[in-house]
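Student: The structure that follows is given in the form of structure tokens.
The values are calculated or read from the model by the stated rules, or taken from the named source; none is laboratory data. Because the structure is a prediction, the values reported are computed rather than measured. Note that each Cβ is placed from the backbone with ideal geometry, even for glycine, and that neighbours are counted across all protein chains shown. Ligands, DNA and RNA are stripped out before the accessible areas are found, and what is left, the full protein with its side chains, is counted by its heavy atoms. Shrake-Rupley method; radii C 1.70, N 1.55, O 1.52, S 1.80 Å.
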Amino acid sequence: KMSEVPEVMTKADIKPKSMHRAKTWSDDVENLYRFQQAGYRDEVEYKQVKQVDEVECWPETGFVKKLQRRDNTFYYYNRQRECEDKDVRKVKVYVY
């Protein structure tokens, strides 16, 4: 399931307090990987930039299904894991 981002956070321009890199794969890391591939920090930044309330997710896995990049092209993702073990350490985990 997607991490619930409080309404307040998506409205104002929120900046992360800190960042660390993922060490092990998880559902959250998978979704962060997808946002970062599309050019966003995370779900918070995506919602700010695209002014959307919901991100389309796969009902079976809860992973992000489709993201719109800043140049308005779309990224489509599989319902299975896409972030390979070798890519896990590239994923940035932001703390607010």
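Student: Tell me, what is the percent relative contact order of the chain, built from C-alpha pairs under 8 Å that lie six or more residues apart?
Tutor: The value is 41 percent.
Student: Using the heavy atoms of the protein chains alone and a 1.4 angstrom probe, what is the accessible area of region 11-96 per residue in square angstrom?
Tutor: Per residue, region 11-96 has 62 Å² of solvent-accessible surface.
Student: T61: accessible area at probe 1.4 Å, nearest 10 Å²?
Tutor: Probe radius 1.4 Å; accessible area of T61 about 50 Å².
Student: Let me ask another. To the nearest 10 Å², what's E82's accessible area with a 1.4 Å probe?
Tutor: It works out to around 50 Å².
Student: Hey, another quick one. What size of dipole, in debye to the nearest 20, comes out for region 22-81 about its Cα centre when the only charges are +1 on Lys and Arg C-beta atoms and -1 on Asp and Glu C-beta atoms?
Tutor: Computed charge dipole of region 22-81: roughly 240 debye.
Student: Considering only C57, T24, Y75, whose Cα is most displaced toward the positive end of the charge dipole of the chain, charges sitting on Cβ of Lys, Arg (+1) and Asp, Glu (-1)?
Tutor: T24
Student: When the helix-only estimate is applied to the chain (DSSP H runs of n ≥ 4, each -39,500 (n - 2.57), divided by the residue count), what is the mean residue ellipticity at 222 nm, nearest 500 deg cm²/dmol?
Tutor: Result for the chain, helices only: -7500 deg cm²/dmol.
Student: I'd like the accessible area for K90, computed on protein heavy atoms only with a 1.4 Å probe and all protein chains in place. Round to 10 Å², please.
Tutor: 120 Å²
Student: Cα-Cα over 18 Å: which of K15/K90; K17/K86; K23/K92; K15/K92; K17/K92?
Tutor: K15/K90; K17/K86
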